[in-house]
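Read-outs: derived from the displayed coordinates by stated rules, not from any lab. Just so you know, these numbers come straight off a predicted model, no measurement behind them. Positions of Cβ are generated from backbone atoms using ideal geometry, with glycine treated the same way; all protein chains shown enter the neighbour counts.
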Amino acid sequence: MENQDLHYQPVARLAALIRARDLSCEDLCRSTFERIDALDPCLHSYAALREERAVAEARVADAEIARGQYRGPLHGMPIALKDLIFTQDCDTQAGTAIHRGFRPTHDATVVQRLKHHGAVIVGKAQMTEAGGMLHHPDVTPPLNPFGHHIWAGASSSGSAVATAAGLCAASLGSDTGGSIRSPSACNGLTGLRPTWGRVSRFGIFDLAQSYDTIGPIARCAEDAAIVLSAIAGIDAYDPTSLAQEVPAYAAGLGGIDGARSVRIGVDTSYIARGASCETLGMIEEVQAHFTELGARLTHFDMPETDELCMEVAALHAAELALAHEATYPARADLYGPWLARAVDRGRLLPPMQLAAAGFARARFTGQLDQIFARVDVLLLPVFAGGTPTRTEAERLAQDDPGTIFRFTIPSGAAGIPSLTLPARPNEDGRPAGFQLLGRRGEEQLLLRVGHALQCLTDWHLARPVLC
């Protein structure tokens, strides 16, 4: 198999080759770093690499498999981590200057669980400053492999770029208001924001604790299911983690029949407010495919979310200020301008505004619960106007960030899972994406429906043309 093809194979296919010993973990690891050496000087997806340790771990994985100690489909798989996830043998800087050179004393729970399943950690993926909208002035932002003029997405952009360019088999990102979903859509990938609490947050730098969620960024729904099975579950070190049984997500996908009879709710009038014709056409095409798969398309009335997005932005800012209480304003000179303004805003918010915002969030969550009594899954785009260019996204980050996240903030506010899937790329080559939202704890259903669509379509197989 040519290296170009090897690095775009899904995790399940690579795992089959490794288990049959037709591909060694060490060869896959070395080939991944060769590809990183060739491509990442242009893409800037990684903040730090751990090549020597990764190759050693891959060699150990080969020895274990030879002894019959196969740990599952992540055994020997090269995985990238967003650079706010603690690793005790590699710097964790969260895209900031204040944490430059920070070496944690322990691995995050998600890292421990990946290693338990035999995954090989390639390195730390670059991200925006502390998970905000823009990068620190000293950081070179990751570039979208489908076109450097296309936005690479919000804070988990490095994880998505590395995955899309074949510089890892899959990656972990984090999502507060859309930071798994926007880079997944921008880079033609499948990304899952799990239910809040489904995955432990122990050992990460916080952005907004009551929203932050760790989840997979992958090439397809099956890969996302494999990664989620490894990292999900209750954790004694994170009291907010959920005590729900972790399903074997990949085993429950069900193939092309996975969407049959599923009630998929669509509110076209809600989507149409501010959406481009391109976005509406994408949603119509997705609906047609779900109908072909035997799903039941149902109209529902989405609650108004424009005010909610403003309220949630205030709560994000307050929790961001709390996360930076120890370093801001004491070390304000090390902060980039966007992050400093955001923390300042959070520190100055009136208590009554925060109380009103908290109630608005609770009210919206209840409204969604009522909707989910009538439908199983909600269908929404990721972006109103299609995947933005870098210039458009940077302008909106300064002037009106809520516009970019209009369709991603609501599910984050309610703490429910959301699966982003690639749609047909736009005529100019920009990747496009949409979301499936589900009830709390129902990641399995979202993955099953997404996998069924990917059995029917080839949108998730699009590859960037790389030098």
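Residues Asp83, Asp89 in ascending order of nearby Cβ atoms (within 10 Å, fewest first): Asp89, Asp83.
When Lys115, Lys82, Lys124 are arranged by Cβ crowding within 10 Å, least crowded first, meaning fewest neighbours, the order is Lys115, Lys124, Lys82.
Shape call for the range 346-467 from the C-alpha gyration tensor, a ≥ b ≥ c root eigenvalues: rounded (a/c under 1.5), prolate (a/b greater than b/c) or oblate? Note, shape of the range 346-467 comes out oblate.
Got a sec? Charge dipole of the chain, +1 on Cβ for Lys and Arg, -1 for Asp and Glu; which of Ala162, Gly68, Gly177 is way out at the positive end? It is Gly68, whose Cα lies furthest towards the positive end. Our note on the geometry: Cα centres of the range 316-390 and the range 399-467, 20 Å apart.
Taking θ as phi - 60° and the Karplus parameters 6.51, -1.76 and 1.60, the scalar couplings of the range 82-93 work out to 4, 7, 10, 9, 5, 9, 6, 10, 7, 4, 10, 10 Hz in sequence order, x denoting glycine and proline. Its Cα gyration tensor gives the range 378-449 an equivalent ellipsoid. The semi-axes, each the square root of 5 times an eigenvalue, are 24, 17, 7 Å from largest down.
Overall, the anisotropy analysis places the range 295-416 in the oblate class: the square-rooted eigenvalues a ≥ b ≥ c of its C-alpha gyration tensor yield a/c not less than 1.5, with a/b not exceeding b/c.
Sort 427-433, 276-282 for me by packing, meaning the mean count of neighbouring Cβ atoms within 10 Å per residue, highest on top. Don't skip to the end; give the middle numbers.
Working: 427-433: 18.6, 276-282: 17.0.
Averaged packing, sorted descending, gives the order 427-433, 276-282.
Separation of the range 229-249 and the range 66-119, taken as the distance between their Cα centroids, equals 17 angstrom. When only the Cβ of Lys, Arg, Asp and Glu is charged (+1, +1, -1, -1), the dipole of the chain relative to its Cα centre reaches about 620 debye.
Which of the DSSP-defined H helices in the chain satisfy a minimum axial length of 24 Å, computed from C-alpha atoms, and a minimum mean Kyte-Doolittle hydropathy of 0.0?
306-323, 351-371
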